[in-house]
Amino acid sequence: MYTLTYKVTTSTCDSEGKLKLYSALQMMQDCSEMWIDSEPEVKNYFLQQNMAQLLATRQVEIIRVPDYKEELTVTTSVYGMKPMFGFRNTFIYDAQGDPCYKTWSMGAFVDKAVGKLKRVDDATIQSMTLEPQLEMNYKDRRIILPKDGGKVLEPIKVLRADIDYNKHLNNANYVRMAMELLPENFVVSGLRVEYRVAAKHGDCLTPTIYKLADGIIVSLSIGSEVSAIIEFT
């Protein structure tokens, strides 16, 4: 398990003094990225093989949204490892140790030179420290788009500020873009994201929004290819 501590600051708050979901996702992402420092064999293997772990899917349960100046602890732990995929829990806890956000995610292991899936060898998998899978309401990683009823909106251009060190649109920014399309009175209590095709600087993402009985789905596409699907409940 790897842990980071945070404080809810002005730059991470919304207009009501609550932690932005976008900021919470960044905290989760940072903790997950720093985790590899706790697994030196895995870290060295990925460096030698020129590999990266890219987020393929994430589910978030929002228990309570923290307030301005609250002290938070973010923990991440891997509970499953396959040759081309890893599975982890990342939780955010308040100062009393109660969970505010529960998440699970799946990462894909990719060859950075060619951008394709690459297998991790058995010895590296065996060296991994696996933790117990934490309790939450696990949903399917696949999000099924409705066949019709979607409303196509104006394209969103990917800017330089949206790009991370993997040279593509940072995963939290997909959610930030999609949230701007939600009705102002929509309260997010749950989130699922499926990442398909990485968007790069200069790409235009065309949103299609589907309003369902129990939530809203936003699909972001590059041309005819779906880049990411975000489900808000």
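The values are calculated or read from the model by the stated rules, or taken from the named source; none is laboratory data. Since we're looking at a predicted model, the values are computed, not measured. Note that we place each Cβ from the backbone using ideal geometry, even for glycine, and neighbour counts take in every protein chain shown.
Across the stretch 1-21, the number of residues qualifying as touching a residue at least 24 places away in the same chain (Cβ under 8 Å), hydroxyl-bearing (S, T, Y) and buried (at least 17 other Cβ atoms within 10 Å of the Cβ) comes to 2. Take the stretch 207-220 and flag every residue that is surrounded by fewer than 21 Cβ atoms within 10 Å (Cβ to Cβ) and either within 21 Å of L55 (Cα to Cα) or touching a helix residue (DSSP H, G or I) at 6+ places or on another chain (Cβ under 7 Å) (or both). Once the filter is applied, which keeps residues that are surrounded by fewer than 21 Cβ atoms within 10 Å (Cβ to Cβ) and either within 21 Å of L55 (Cα to Cα) or touching a helix residue (DSSP H, G or I) at 6+ places or on another chain (Cβ under 7 Å) (or both), the stretch 207-220 yields only P207. Selection of the stretch 47-68 for residues being closer than 17 Å to N166 by Cα, among the aliphatic types (A, V, I, L, M) and either outside the structural domain of L117 (by TED's automatic domain parsing) or in contact with a strand residue (DSSP E or B) (Cβ under 8 Å, 6 or more places away or on another chain) (or both) yields M51, A52, L54, L55, A56.
P146 passes all but one of (1) in the same structural domain as M27 (by TED's automatic domain parsing); (2) surrounded by fewer than 17 Cβ atoms within 10 Å (Cβ to Cβ); (3) modelled with pLDDT under 95; which number fails? It fails just one condition, (1). Among the numbered conditions (1) surrounded by 12 or more Cβ atoms within 10 Å (Cβ to Cβ); (2) not assigned by TED's automatic domain parsing to the domain that holds K18, the only one that G115 does not meet is (2).
Quick one: would you say R142 is within 20 Å of S224 (Cα to Cα) and either in contact (Cβ under 8 Å) with a residue 12 or more places away in the chain or in contact with a Cys (Cβ under 8 Å, 6 or more places away or on another chain) (or both)? So R142 passes the test.
Okay, residues lined up against (1) in contact (Cβ under 8 Å) with a residue 60 or more places away in the chain; (2) on the phi < 0 side of the Ramachandran plot; (3) among the hydrophobic types (A, V, I, L, M, F, W, C):
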residue	(1), (2), (3)
H168	no, yes, no
A178	no, yes, yes
P183	no, yes, no
Y195	yes, yes, no
K200	no, yes, no
